[in-house]
1. Can you give me the number of residues within region B:64-98 that are within 26 Å of A:ILE194 (Cβ to Cβ), free of Cβ contacts under 8 Å to residues at least 12 places away in the same chain and within 8 Å of chain A (Cβ to nearest Cβ)?
2. Considering only region B:37-57, state which residues are assigned to a loop (DSSP other than H, G, I, E, B), among the aliphatic types (A, V, I, L, M) and either surrounded by 13 or more Cβ atoms within 10 Å (Cβ to Cβ) or in contact (Cβ under 8 Å) with a residue 60 or more places away in the chain (or both).
3. Inside region B:100-111, can you point out the residues that are within 8 Å of chain A (Cβ to nearest Cβ) and in a helix (DSSP H, G or I)?
4. Please work out if A:GLY187 is modelled with pLDDT under 80 and buried (at least 18 other Cβ atoms within 10 Å of the Cβ).
5. Considering only region A:12-60, state which residues are in a loop (DSSP other than H, G, I, E, B), more than 12 Å from chain B (Cβ to nearest Cβ), aliphatic (A, V, I, L, M) and surrounded by 13 or more Cβ atoms within 10 Å (Cβ to Cβ).
6. What's the number of the condition A:LEU294 fails, among (1) of a type in the set (A, V, I, L, M); (2) surrounded by 10 or more Cβ atoms within 10 Å (Cβ to Cβ); (3) touching a residue at least 12 places away in the same chain (Cβ under 8 Å)?
7. Looking at this structure, is B:ALA60 among the small types (Gly, Ala, Ser), farther than 22 Å from A:TYR32 by Cβ, out of contact with any strand residue (DSSP E or B) (no Cβ under 6 Å at 6 or more places or on another chain) and in a loop (DSSP other than H, G, I, E, B)?
8. Find the residue count for region A:212-239, including only residues that are more than 30 Å from A:HIS142 (Cβ to Cβ) and either assigned to a strand (DSSP E or B) or out of contact with any strand residue (DSSP E or B) (no Cβ under 9 Å at 6 or more places or on another chain) (or both).
Amino acid sequence: MEYKDYYRILAVDRQASADEIKKAYRKLARKYHPDISKEADASQRMAEINEANAVLSDPEKRAAYDALADAPRRSAGAGGFQPPPDWEGQDFHFRSGDGAMPDGDADFSEFFSQMFGQGARARHAGGGQHRPPPDLRGQDQHASIELDLLDSYHGAQRSLHLRSTVLDEDGRPVARDKELQVSIPKGVREGQMIRLAGQGGQDLGKGPAGDLLLQVHLRHDPRWWAEGKDVYQPIALAPWEAALGGTVRLATIAGEFDVGIPAGSRAGRKLRIKGKGLPAATPGDLYLVLGISLPEPQTDAQRKAYEALAQAFPSFDARQQGTGQGASR
Amino acid sequence: MSTPLYPFYEPAELLDEGALDLHDLARHCQRNTDWVVERVQTGVLYCENEPPGEATAPQAQWRFSSHMLVRARRIAHLEHSFDADPQLAALTADLIEEVQMLRRKLQALQH
C-alpha cells in the first residue's frame, strides 16, 4: 500500500490552520475541477485532492493521520506502507447524507480505505465489542464511456475494465479488477447515463451492491454529429445538382436514401429525413446539411464551361449573395 | 463446469426521460430526499415537464432525466467543495452546461 502525503497533495505544511487547508483545497479544486480543467489527469488529481481534504479538514482524522506520520514506519519491501500495529484501535465517525462527498469514498485510494474508510469500518465491525455492520446498500460507482454515434444507432457491446476496492476475508481493502461485458442500448445520447444495477460497490453488511452508472460521451466525428435525438450530416452536392435540383442517391448514417434536392439549394440548407435520427420511442430526425463542392477546371472545355456560366449570369454578384454558410447551423 | 462460449452481457438500462424518481435521484447523488426537494422547490434542480421552481405535481410523481442527475451531482460537489450557496452552485452549473454546449457546437462547426 502506498503512503499518501496529504499535506504535499494540498501543498500546505503540517502546521497549516484549518482555514489555510480550506483555502488550499478550494484553490486546487477550482484548478482541477473535471468540468473545467484541461489537465489530462484532472479527474485523478481531483480524487487525490478530495481525499486529502477529507482527512485534513476533519480534526479527528487529521490528528490520527499526524500520529500515523510520526509513528515509526513499517514500510516494507514489496508490500509498501503498513499501518502501525495499534492502528486497529482508531475510531472515526463516518458521516452520511449532506456531510459526505457526493461519491463517498468510492474513488479514494487503498491507503484512505485502509486507514479511514471501509477497512477501518470493517475492523471496528469485527472484534466483538461492536455491533455487526448494518446491511446497508453499497455505494454507486460512476464512470464514463466513450462511444461512436453509430453505436447509438445500432446498439453495441463493450468490455469494461473496472478497478474497485473490496474487502478481503479479514476486512482489509484490496484492489479488485473486474471485467464487465455490457450491452449498450440503442439511442444513447451525449451526457446520458446507463445504469448497471448491482454492479457498483458492496458495503460491509449483507446489503445489496450499489449500481454502476456510466455517463455516455460521443466521440467527435467529422462525418456527423448529434444534437439531442437529431443527427446532422454534411452532404456535398455538385453545383448543377444544387442549382437544378433532382433526386440523388445519398449514403447517410441511417442508410442509403433517394433524396429530392430542391432546385436552387444553397450551401447550409438542411433537408430533414423524418424519424431517421437516433432511435427512441419518438425517434429523432436526420438533417442533411447541404454543401456545394466546386469542380476545379482542368481542361479548356471545363474552363469554357465556367466562362459560359459567367456569361449566362451577367448580373450575378456573389458578394451580395454571400456564401450561404451563415445559415448552416 | 464448462466455460461458456460467449461472454455474458450485463443488461444495461438507459436512463432516458423520466427514468428517475425522487429517491433514485437522491440515492445516485449521495444525498437525502430533503436535499433534492429543497433544490427542486427553489429551482436549482427541476422535474421533467415542470417549470424550474414551480413544481406543482406531488413528489411521488416527480421524474428526472440523466441530465438532472449529472446536474445534481455537479451541484452537490460545488456546494461541498466551496461551501457554495445552492443558487451560486446552480449558476456555476448553468455556466458549465452552457460552455459544454458551445464547445460541442464549435467542434461540429470545425468539421
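The values are calculated or read from the model by the stated rules, or taken from the named source; none is laboratory data. Being a predicted model, the structure only gives us computed values, none of them experimental. So basically every Cβ, Gly included, is an ideal-geometry build from the backbone, and we count neighbours across all protein chains shown.
1. 4
2. Just the residues of region B:37-57 that are assigned to a loop (DSSP other than H, G, I, E, B), to begin with: B:42-57.
Cutting the leftovers down to among the aliphatic types (A, V, I, L, M) gives us B:44-45, B:55, B:57.
Within region B:37-57, B:VAL44, B:LEU45, B:ALA55 qualify.
3. Keep residues of region B:100-111 that are within 8 Å of chain A (Cβ to nearest Cβ), which gives B:100, B:104-105, B:107-109, B:111.
Within region B:100-111, B:GLN100, B:ARG104, B:LYS105, B:GLN107, B:ALA108, B:LEU109 meet the criteria.
4. Working: modelled with pLDDT under 80: no; buried (at least 18 other Cβ atoms within 10 Å of the Cβ): yes.
Considered against the rule, which asks whether it is modelled with pLDDT under 80 and buried (at least 18 other Cβ atoms within 10 Å of the Cβ), A:GLY187 comes out as no.
5. Just the residues of region A:12-60 that are in a loop (DSSP other than H, G, I, E, B), to begin with: A:12-17, A:32-41, A:57-58.
Imposing the further condition that a residue be more than 12 Å from chain B (Cβ to nearest Cβ) reduces the set to A:12-17, A:39-41, A:58.
Keeping just the survivors that are aliphatic (A, V, I, L, M) gives A:12, A:16, A:40.
Once the filter is applied, which keeps residues that are in a loop (DSSP other than H, G, I, E, B), more than 12 Å from chain B (Cβ to nearest Cβ), aliphatic (A, V, I, L, M) and surrounded by 13 or more Cβ atoms within 10 Å (Cβ to Cβ), region A:12-60 yields A:VAL12, A:ALA16.
6. (2)
7. No: the conditions fail for B:ALA60.
8. Looking only at that region, the number is 5.
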